[in-house]
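The values are calculated or read from the model by the stated rules, or taken from the named source; none is laboratory data. Everything quoted here is computed from the prediction, not taken from an experiment. Positions of Cβ are backbone-derived with ideal geometry, glycine not excepted, and every protein chain shown enters the neighbour counts.
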Amino acid sequence: MKAMVLAAGEGTRLRPLTLNCPKPMLPLAGRPLLEYTLEWLRRHGIVNVAINLHHRPEAIIDHFGDGKAFDVRITYSLEETILGTAGGVRKLQSYFDGTFVVVYGDVLTNLDLTALVGFHRHKEALATMTLYQVDNPWECGIVELDGEGRISRFVEKPPRERVFSRLANAGVYVLEPMALDFIPADSLYDFGRDLFPDLVVKGLPVYGYPIAEYLIDVGTPAKYRQAETDLLTGRVR
């Protein structure tokens, strides 16, 4: 199985920390966030990893190289123009030859990826999205599930008065290669804003997987400090 880490973003919410450093390279307990992500993937048997790059790409390439020193094999995809979360994966369509995992580069988690993939396969899903409970659903992509765990509604950042759920997109997906056929080539296209709503409207098998394990989006100064504290205190390993 293969995975893709989305690492092309500019990390604007974390400026000035990210002016000269891509967000996945920000240090947490003395190590880049991306090292934790690669270790997590490797623990679940995934050693073939693609990483898309745009902002300060040399920082990631110089640190990780081909991945051999970290017991993985890395394929890089340089985006001269940002393609969005889904568009960046679509660019590497030929790389994915079976069920694969996508994880946002600012996610720190210890979720059971093996169990997630097992759920995805059991449901014969086209796409499976991890979900967690949030206190600010108007700032997230939120979902409604049917009794079988299938996503019946997905809305990206709804107005406060239209919030219908606190189950939000957690930024870890399992996908079948066929899902990439629904993404236009060489276009700005997003999983939350574009692809998932389209798949749900089309009635295709998209499932949600609520998680109880640790997961944090290290995308704001407050969350960055929290992740650092959680690592130093042993809340997450």
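Looking across segment 137-152 at every residue that is in a strand (DSSP E or B) and hydrophobic (A, V, I, L, M, F, W, C), the one that is nearest to Ala127 (Cα to Cα) is identified as Ile151.
Taking the stated definitions as given, is Arg235 over 19 Å from the mean Cα position of the chain (by Cα), free of Cβ contacts under 8 Å to residues at least 40 places away in the same chain, exposed (fewer than 15 other Cβ atoms within 10 Å of the Cβ) and not in a helix (DSSP H, G or I)? Yes, satisfied. Report yes if Glu156 is closer than 30 Å to His54 by Cα, acidic (Asp, Glu) and within 16 Å of the chain's Cα centre (by Cα), otherwise no. Taking the combined requirement at face value, the residue satisfies it. Does Arg150 qualify as being among the basic types (Lys, Arg), over 19 Å from the mean Cα position of the chain (by Cα), surrounded by fewer than 22 Cβ atoms within 10 Å (Cβ to Cβ) and under 23 Å from Asn110 (Cβ atoms)? In short, no. In segment 164-197, the residue that is modelled with the highest pLDDT out of those that are of a type in the set (Gly, Ala, Ser) and at negative phi is Ala179.
Scanning segment 185-227 for residues that are over 18 Å from the mean Cα position of the chain (by Cα) and under 15 Å from Leu92 (Cβ atoms) yields a count of 3. Among the residues of segment 79-118, the ones that are crowded, with 17+ Cβ neighbours inside 10 Å and not in a loop (DSSP other than H, G, I, E, B) come to 18 in all. Of all the numbered requirements in (1) of a type in the set (Ser, Thr, Tyr); (2) part of a helix (DSSP H, G or I); (3) touching a Pro at 6+ places or on another chain (Cβ under 7 Å), Thr229 misses one, and that requirement is (3). Exactly one condition in (1) at pLDDT below 95; (2) under 22 Å from Leu215 (Cβ atoms); (3) surrounded by 13 or more Cβ atoms within 10 Å (Cβ to Cβ) is not met by Pro57; state its number. With respect to (1) at pLDDT below 95; (2) under 22 Å from Leu215 (Cβ atoms); (3) surrounded by 13 or more Cβ atoms within 10 Å (Cβ to Cβ), Pro57 is out only on (2).
For segment 44-69, give me each residue that is touching a residue at least 60 places away in the same chain (Cβ under 8 Å) and not in a loop (DSSP other than H, G, I, E, B).
Of the residues in segment 44-69, the ones touching a residue at least 60 places away in the same chain (Cβ under 8 Å) are 44-46.
Passing the criteria: none in range.
Of the residues making up segment 1-40, those that are farther than 28 Å from Asp97 by Cα, in contact with a strand residue (DSSP E or B) (Cβ under 8 Å, 6 or more places away or on another chain) and assigned to a loop (DSSP other than H, G, I, E, B) number 2.
From the list Val163, Val172, the one residue that fits, being touching a helix residue (DSSP H, G or I) at 6+ places or on another chain (Cβ under 9 Å), among the β-branched types (Val, Ile, Thr) and more than 25 Å from Leu41 (Cα to Cα), is Val163. Remark: Glu161 matches the filter, which requires a residue to be modelled with pLDDT under 90 and more than 21 Å from Gly84 (Cα to Cα).
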